[in-house]
Amino acid sequence: MYMKHFLRDAKVEKMPKINIGDYKHDADIWLVNVEGRVFCRQFSSNKQGWYAAFQSNSDAILKFPSRQYHVTGTPLVFSAELSKAINHEYRRKYGFKLSPLAIVGWLMTRKKHVSKTIELKLVNSEG
């Protein structure tokens, strides 16, 4: 049941927050659910952002309006097929119409963002 809520929240919520280890604040993240797996990408090129925080501490709290999840994050090993599916889901989730979310959703499929893809996994799937 806990995993079901996690996957549903990841599919529906457009701008959850994440707090990673020693990172000083909650960061907004862009994430998608692809084939029962959850992926996020860093939009900014901030070398001290949440993506960098994951490099030194993969333990995090993913925060949605209705609940929080203890997750770990690992950089995605490149796969052309999986990257294509993730890109498609970013475009679908964040929209096709001209809006700020849709523009960022499309930008997230650029090579510099694809290279900063993290897969999030629940630490404890008991709920």
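Take region 12-31 and flag every residue that is closer than 15 Å to Thr117 by Cβ and either in a strand (DSSP E or B) or touching a residue at least 60 places away in the same chain (Cβ under 8 Å) (or both).
Filtering region 12-31 for residues closer than 15 Å to Thr117 by Cβ gives 18, 29-31.
Across region 12-31, the qualifying residues are Ile18, Trp30, Leu31.
Search region 32-73 for residues being buried (at least 16 other Cβ atoms within 10 Å of the Cβ) and assigned to a loop (DSSP other than H, G, I, E, B), and hand back the single one that is modelled with the lowest pLDDT.
Within region 32-73, the match that is modelled with the lowest pLDDT is Phe43.
Taking region 13-31 as the region of interest, how many residues are at pLDDT 85 or above and either of a type in the set (Val, Ile, Thr) or touching a strand residue (DSSP E or B) at 6+ places or on another chain (Cβ under 7 Å) (or both)? Break it down into steps so the answer makes sense when it comes.
To start, the set of residues in region 13-31 that are at pLDDT 85 or above comprises 13-20, 26-31.
Filter once more, so that each one left must be either of a type in the set (Val, Ile, Thr) or touching a strand residue (DSSP E or B) at 6+ places or on another chain (Cβ under 7 Å) (or both): 15-20, 26-31.
Summing the residues that are at pLDDT 85 or above and either of a type in the set (Val, Ile, Thr) or touching a strand residue (DSSP E or B) at 6+ places or on another chain (Cβ under 7 Å) (or both) in region 13-31 gives 12.
Is there a residue in region 77-96 that is modelled with pLDDT of 80 or more, in contact with a Ser or Thr (Cβ under 8 Å, 6 or more places away or on another chain) and part of a strand (DSSP E or B)?
So far as region 77-96 goes, no, none of its residues is modelled with pLDDT of 80 or more, in contact with a Ser or Thr (Cβ under 8 Å, 6 or more places away or on another chain) and part of a strand (DSSP E or B).
The values are calculated or read from the model by the stated rules, or taken from the named source; none is laboratory data. Quick caveat, the model's predicted, so the values are computed rather than measured. Every residue, glycine as well, gets a Cβ built from its backbone with ideal geometry; the counts of neighbours run over all protein chains shown.
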